[in-house]
Amino acid sequence: MTVRINGHSLTIEQVVEVARQGEKVEIDPEAYPKMEESRQFVEKIMADGEIVYGINTGFGKLSNVSIADEQLEKLQYNLVVSCCTGVGEPFPTEIVRAMILLRANSLVKGYSGVRPLVVETLLLMLNKGVHPVVPQKGSVGSSGDLAPLAHLAQVLIGEGQAWFENELLPGKIAMQRAGIEPVILKAKEGLSLCNGTQAMTATGAMAVYDALNLSLIADIAGALTTEALEGIIGAFDHAIQDVRPYTGQVETARNLRLLLAGSEILANAKHSRVQDAYSLRCMPQVHGASKDAIRYVKGVIETEINAATDNPLVFPEEGKVLSGGNFHGQPVALAMDFLSIALAELGNISERRIERLINPALSEGLPAFLIKEGGINDGFMVAQYTAAALVSENKVLAHPASVDSIPTSANQEDHVSMGTIAARQARDILGNVQYVIAIELMCASQGIDFRDNEPALRLAKVYRLVREQVAMLENDRALAPDIEKTLELIKSGTLLQALQ
């Protein structure tokens, strides 16, 4: 299927389809009149000799400098290349693809004053696989993601660097090989390409999609650990949740009841305790709160991916070009910091369950470090070290980026969002938590191996999937490859698909 963009109805799921699965994209024909009308209004302003920011002036602190008509193309070119100041490792290809899609979807709304040709060329790059090299660092998240978007636009005009057919090429050569004509930017078009929140929003869209899935996999891992530790399922009873009816809490408890239904291990468990530790008993409350937070973030991102975020904006029906601040990334910055906290908590509670599985004082009869011959074997001892290191790293990464600001452009831009930093941190935390939950799945599966009875039907399927990739640990071996294999079960969607 082809994803059709109109600036209003793009979903996070469609972003993922384009970014990861390579779905083709086209402009909704109904979007053309709005784009053409806004472009004609920009050209009328130039023909009338009006002085309007972003069309025939300098930028930022230099907005009081008027630019002659014969220099307007040079002005747009200079803006793009002067903003190409990004540093560090490039964004992954899927993030770059999402950036192109989101930038096109914002421009197609018809408030940016660019020619349809600009959007069409962006989509040609996307559909033919011309992927600009976009460094991750250099955006303060206000005046938009200037540096990242400039690196993207640089290839559009035939400069910079891009990947095409698995080869890193000069932008001009990549465009030539793909059969795409670079764009000569007209008035306002360079500014419209560079002004926007698409680097932070693309990173956020991919992260929140994976976070929603991971919140469900956390339930699966927690349920498998409950089996291995012969937990008490009364804590998940609907009556408890009904008197504190947060959506995520109710859903998590329902997931746990469904996953644990019919467990022979729990039905035959013999222990004297009447309640479990919080890392088991409070999964509905902790996992549920994270789910609610992730859904809030999803709502913010869905608004942002369908927003006009450059400056100034063109309103031809009102005869106005208005300067404002839709490029300011504060809504996304706050949401990404919230996502970081929500994900970090899923990792924190998972690591505590790992500790209970390997600690003989807490594991309800399981052998120390989940290995038969402890002493000669360390078992999963150091796997817990890795989980502990990851959750501690997350505590540093979860420090909110959005509370920081630093002036730019000679103090014209005196409050910035740091939204792109927040989004990158959230993505890093997501990766760490995926590893932690992979380790929990391995430890819980090892715990099941030491129980005499069968786990619940659905969890038996999870156990078998893990065992297809990772054999029971009977003697010490390097666990790093096993962790990567289990991680792939999470990232590929195999675990969730098996239970749907």
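The values are calculated or read from the model by the stated rules, or taken from the named source; none is laboratory data. Keep in mind that what you see is a predicted model, and the values were worked out from it rather than measured. Neighbour counts run over all protein chains shown; Cβ positions are idealised from the backbone, glycine included.
Please pick out the residue among D449, D404, D428 that is over 30 Å from A98 (Cα atoms) and among the acidic types (D, E).
Every option except D449 fails the conditions.
Within segment 113-139, can you find the residues that are hydrophobic (A, V, I, L, M, F, W, C), closer than 13 Å to A174 by Cβ and assigned to a loop (DSSP other than H, G, I, E, B)?
Selection gives V130, V133.
Need at least 1 residues that are within 21 Å of the chain's Cα centre (by Cα) and closer than 19 Å to L496 by Cβ per element, so show me which helices (runs of 4 or more DSSP H) inside segment 170-253 make the cut, counting only ones lying wholly within it.
The helices (runs of 4 or more DSSP H) meeting that bar are 198-228.
What residue, among those in segment 1-23 that are surrounded by fewer than 14 Cβ atoms within 10 Å (Cβ to Cβ) and over 19 Å from G299 (Cα atoms), is nearest to the chain's Cα centre (by Cα)?
Q21
Can you find, within segment 422-477, the residue that is surrounded by the fewest Cβ atoms within 10 Å (Cβ to Cβ) among those that are among the polar types (S, T, N, Q), farther than 15 Å from L229 by Cβ and in contact with a Leu (Cβ under 7 Å, 6 or more places away or on another chain)?
Q469
Does A361 count as closer than 30 Å to S143 by Cβ and either in the same structural domain as E302 (by TED's automatic domain parsing) or assigned to a helix (DSSP H, G or I) (or both)?
no
When the residues of segment 204-232 are filtered to those that are among the hydroxyl-bearing types (S, T, Y) and crowded, with 24+ Cβ neighbours inside 10 Å, which remaining residue is nearest to G299 (Cα to Cα)?
The qualifying residue nearest to G299 (Cα to Cα) is S215.
Could you check segment 491-500 and list, in sequence order, the residues that are assigned to a helix (DSSP H, G or I) and out of contact with any Asp or Glu (no Cβ under 9 Å at 6 or more places or on another chain)?
Within segment 491-500, L495, L496, Q497, A498, L499 qualify.
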